[in-house]
Amino acid sequence: MSKDKTSNQMWGGRFASGPAAIMEAINASIGFDKKLYAQDISGSLAHSEMLAETGIISADDQAKIAHGLNTILKEIEGGKFSFSTQLEDIHMNIEARLAELIGPAAGRLHTARSRNDQVAVDLRLWVKDELARVAEALKGLIAAFLERAEEHAATVMPGFTHMQAAQPVTFGHHCMAYVEMFARDLSRVRDAMARMDESPLGAAALAGTSFPIDRHMTARALGFREPTRNSLDSVSDRDFALEFLSISAISATHLSRLAEEIVIWSTPQFGFVRLSDSFSTGSSIMPQKKNPDAAELVRGKTGRVNGHLVGLLTLMKGLPLTYSKDMQEDKEAVFDTAETLDLMLAAMTGMVRDLTVNEAAMKKAAGAGYSTATDLADWLVRTLGLPFREAHHVTGRAVALAESRKVGLEKLALEELQSIHPGITDNIFSVLSVQNSVKSRTSFGGTAPSEVRKQVRAWKKRLAKA
């Protein structure tokens, strides 16, 4: 049988001739939706078992269908399956091969089912699997940060606002900020998995079916909590794909912020960290260069992930209920985002585990820019009872004096500080070092090493249960 005739038979009797070459090219999705082969076969096996259980098809036909589908699965995984663009998509490619293998019984598989609910369940299953992978990758990245945070709970570094040194913090505390970010990403993944845990299989084309199917049976067989409750929404919903892309874009943004910091920190001007050779490259003409290319690529790929989210939002915004062929364009965005995010998470986890921290450079920078000025103001409020605005003014004068002397606040003489405010005592010097500054920040969630260690312990327990 010619490929044109095979394609016509799959379409049905209304079409007298095969599709034009241009129509075939624009219509075919097999080039990318073949990624759904395992989910498509799983859905078909569950559907056929339900059809036999409810008496819609015979047990003999179901046995043939199951044997044929499992044969096809082995062929695809063994690289022996021939995909055809003339058969448009993964569903029709598998169905055509099933007919070759088992004959007329294959035609009974599509009873009480449409490609509309078929692709909806396939893509949901695929996204569920991918979200599970993302969850594990996020847990690995969080674990890497917890290790570094524990190791550097007392390593002093500057905290920044407006990219200006603001107050001393610890590198461990900085690492814990990313633990919080990626833990929220993990939470969003878990929420999305619970929200999309409904099977659209059985919604058929859009209106359900008159056959006595058991949708709860197929939902359970495919690992869903329950079936969807509205057939129209079932075949037109791509919220789960949008949510996956949204989660990915938010997580990629967190990865990009971290990548930007690694790029800055690894410059000679900062020298806070050094990436291992595994995550760096050299220059083609400058032998002294060691470029943080892995971090730069993570930063760059974020634009790609964000673009896929905007693309699918734009695609869906004008579609009436229910299915439109436009929705075929959802898969490439989802597939590419998944591959990109998986790579970004793996690369960043490797960088976090491998980077070398220059504690001396961090400590030196932590004292720059009069970063303990707030500690001076707080001491004036706490010890002398000054209103904060007055303490702020006194501190500003002290900073100006230190700046004119080209020394740090802790290098000013007591007499110089008393000339600004006579109530200042030598106890002030206990808060002006960066080490004492960070130790004093013991409020819940603060940068004090003792507080960082508490947070690390708490997060290790939470991660073990995640």
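The values are calculated or read from the model by the stated rules, or taken from the named source; none is laboratory data. Since this is a predicted model, take the numbers as computed values, not measurements. No Cβ is skipped: glycine too gets one built from the backbone with ideal geometry, and neighbour counts run over all protein chains shown. For the accessible areas, the whole protein counts, side chains as well, though only heavy atoms, and no ligand, DNA or RNA atoms are used. Shrake-Rupley method; radii C 1.70, N 1.55, O 1.52, S 1.80 Å.
Key figures for this structure:
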| quantity | calculated |
| --- | --- |
| Accessible solvent surface per residue of region 270-377, calculated while the other protein chains remain in place, 1.4 angstrom probe, Å² | 48 Å² |
| If the convex hull is drawn through the Cα atoms of the chain, its volume per residue in Å³ | 201 Å³ |
| K74/K461 FRET efficiency (R0 45 Å; Cβ-Cβ; nearest 0.05) | 0.55 |
| Chymotrypsin sites (Phe, Trp or Tyr not before Pro) restricted to region 384-466 and DSSP loop, no more than 16 other C-beta within 10 Å | F444 |
| Convex hull of region 14-114 built on C-alpha atoms - directionally averaged projected area, nm² | 6.9 nm² |
| For region 365-464, convex hull volume per residue from C-alpha positions, Å³ | 103 Å³ |
| Cα-centred dipole magnitude for the chain, charges only on beta-carbon of K, R (+1) and D, E (-1), debye, nearest 20 | 960 debye |
| The chain - percent of accessible surface contributed by carbon and sulfur, probe 1.4 Å | 54 percent |
| Relative contact order %, region 313-466, counting alpha carbon pairs below 8 Å whose residues are six or more apart | 16 percent |
| Accessible area in square angstrom per residue, region 21-111, 1.4 angstrom probe | 45 Å² |
| Relative contact order (%) - criterion: Cα under 8 Å, at least six apart; region: the chain | 17 percent |
| Size of charge dipole - region 365-464 - debye, nearest 20, with Cβ of Lys, Arg +1 and Asp, Glu -1, no other charges | 840 debye |
| Computed FRET value (nearest 0.05) for T442 with S276, which takes r as the C-beta separation and R₀ as 45 Å | 0.85 |
| Selected from V179, G140, F160, residue furthest toward positive end of dipole (the chain; charges at beta carbon) | F160 |
| Estimated FRET transfer efficiency when R0 is 60 angstrom, pair A21-D426 (beta carbons, to 0.05) | 0.10 |
| Between region 55-85 and region 107-137, the Cα center-to-center distance that results, in Å | 17 Å |
